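Peer 1: My questions will all concern the structure given below.
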Amino acid sequence: MRPFPGNRLSEAQKIFNYRLSTARRLIENTFGILVQRFRIFRTEILAQPEKVKAIIIASVCLHNFIISTRGAPTDIQELSIGSGISQLGRVGSNNSSRTNQDLRNRLMDYFLSVEGAVPWQREKALRGTL
């Protein structure tokens, strides 16, 4: 999903972009850990989406089991982040479809709602812009 482009964004758009970038960093770091621990994530997984989902869930469960039985890794080489992510090239156009824009707007509304807002989002998203 693309963030809202440009410099003249509304407060809601800035909050959405902040929340999106936070989620993206978390996901990239998580997959970086999985890439380092499990070889299957070093290349494209040639399987049906349901199988790929099962592989990811099993890998996360196995990773958590290893952590709970052996403890967190202390060797920085074991879990260096990013080697699998950095190999990605351009995967699509820069144009987002109307469906994607609608989804982005619905997520933006959710992030501003009582159910979806977090207490610190406004302060973090608008830091330095007021």
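The values are calculated or read from the model by the stated rules, or taken from the named source; none is laboratory data. Remember, it's a predicted structure, so these values are computed and weren't measured experimentally. Neighbour counts are summed over all protein chains in view; Cβ atoms, including those assigned to glycine, are modelled from backbone coordinates with ideal geometry.
Peer 1: Return yes or no: is R70 at pLDDT below 90 and either under 29 Å from P3 (Cα atoms) or in contact with a Cys (Cβ under 8 Å, 6 or more places away or on another chain) (or both)?
Peer 2: No, not satisfied.
Peer 1: Follow-up question, since we're still on this one. Show the residue pairs meeting these rules: Cβ distance below 6 Å; 6+ apart or different chains; first residue within the stretch 97-110 and under 15 Å from N17 (Cβ atoms); second residue at pLDDT 85 or above and surrounded by 13 or more Cβ atoms within 10 Å (Cβ to Cβ).
Peer 2: Sorted first by the residue in the stretch 97-110, then by its partner, the pairs are M108/A12; M108/F16; Y110/G116.
Condition check ((1) hydroxyl-bearing (S, T, Y); (2) farther than 30 Å from K124 by Cα; (3) touching a residue at least 24 places away in the same chain (Cβ under 8 Å)) across all residues:
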| residue | (1), (2), (3) |
| --- | --- |
| R25 | no, no, no |
| E44 | no, yes, no |
| P49 | no, yes, no |
| V52 | no, yes, no |
| I55 | no, yes, no |
| V60 | no, no, yes |
| H63 | no, yes, yes |
| S68 | yes, yes, no |
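Peer 1: Go through L9, L62 for me and flag whichever is modelled with pLDDT of 90 or more and part of a helix (DSSP H, G or I). Outline the logic, then answer.
Peer 2: Details: L9 fails: part of a helix (DSSP H, G or I).
That would be L62, the only listed residue that is modelled with pLDDT of 90 or more and part of a helix (DSSP H, G or I).
Peer 1: Here is a further query. Does R2 meet the test of being among the charged types (D, E, K, R) and part of a loop (DSSP other than H, G, I, E, B)?
Peer 2: Working: among the charged types (D, E, K, R): yes; part of a loop (DSSP other than H, G, I, E, B): yes.
Taking the combined requirement at face value, the residue satisfies it.
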